[in-house]
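K.L.:
Pasting in a structure now, in structure tokens, and then I'll have a few things to ask.
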């Protein structure tokens, strides 16, 4: 895990991939890349004016190591009437990353999601799906997969973008949670 003066933060999971955060304006965008693979996942960010952005508008991030070996990057941010939080946990024993997201809003949210642009050389494009209930394979070997963590979350695919969103949005003032897992077989 490294932190530098240029507003970036990385969590190196070795064979499980590298998660990199970098500042773009007042928000952080992030990218996963994997050793010996052309697969990358880039967060899709919205304009600053959008009240319900494509991905959580993370404005502050920090990392923490836990005694049980977990490494976590936490992020928080605000847009419109929502306050977002996110945790990106590297879980080596399970060969995965677990991403948990939440948005607290004083009004009913119009939409909530975490969206990624998927890129991989020499791999067939993903088929568009409104709701994807199975693991999404990102590489030709089948070793890198993404999946929504049910029952609170679903995934969808459109134009090489993968979105995770809550199954149901809360009514009025509420906190809504959703999560997904990025598994890397080594």
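The values are calculated or read from the model by the stated rules, or taken from the named source; none is laboratory data. As the structure is a computational prediction, the values presented were derived from the model and not from experiment. Cβ placement follows ideal geometry from the backbone for every residue including glycine, while neighbour counts extend to all protein chains displayed.
K.L.:
Does the range 57-67 include one or more residues that are under 19 Å from residue 163 (Cα atoms) and in contact with a strand residue (DSSP E or B) (Cβ under 9 Å, 6 or more places away or on another chain)?
P.N.:
yes
K.L.:
Which condition breaks for residue 161 when tested against (1) in contact with a strand residue (DSSP E or B) (Cβ under 7 Å, 6 or more places away or on another chain); (2) surrounded by fewer than 20 Cβ atoms within 10 Å (Cβ to Cβ); (3) touching a residue at least 40 places away in the same chain (Cβ under 8 Å); (4) farther than 22 Å from residue 31 by Cα?
P.N.:
(4)
K.L.:
If you don't mind, another one. In the set 57, 125, which member is part of a loop (DSSP other than H, G, I, E, B), over 21 Å from residue 17 (Cα atoms) and at pLDDT 95 or above?
P.N.:
The conditions single out 57.
K.L.:
Of the residues 46, 63, which single one is at pLDDT below 95 and either crowded, with 16+ Cβ neighbours inside 10 Å or part of a loop (DSSP other than H, G, I, E, B) (or both)?
P.N.:
Among 46, 63, only 46 is at pLDDT below 95 and either crowded, with 16+ Cβ neighbours inside 10 Å or part of a loop (DSSP other than H, G, I, E, B) (or both).
K.L.:
Condition check: under 14 Å from the mean Cα position of the chain (by Cα) and farther than 16 Å from residue 73 by Cβ. Does residue 50 satisfy that?
P.N.:
Here the answer is no, as residue 50 does not meet what is asked.
K.L.:
Quick one: count up the residues across the range 79-136 that are surrounded by fewer than 19 Cβ atoms within 10 Å (Cβ to Cβ) and touching a helix residue (DSSP H, G or I) at 6+ places or on another chain (Cβ under 8 Å).
P.N.:
2
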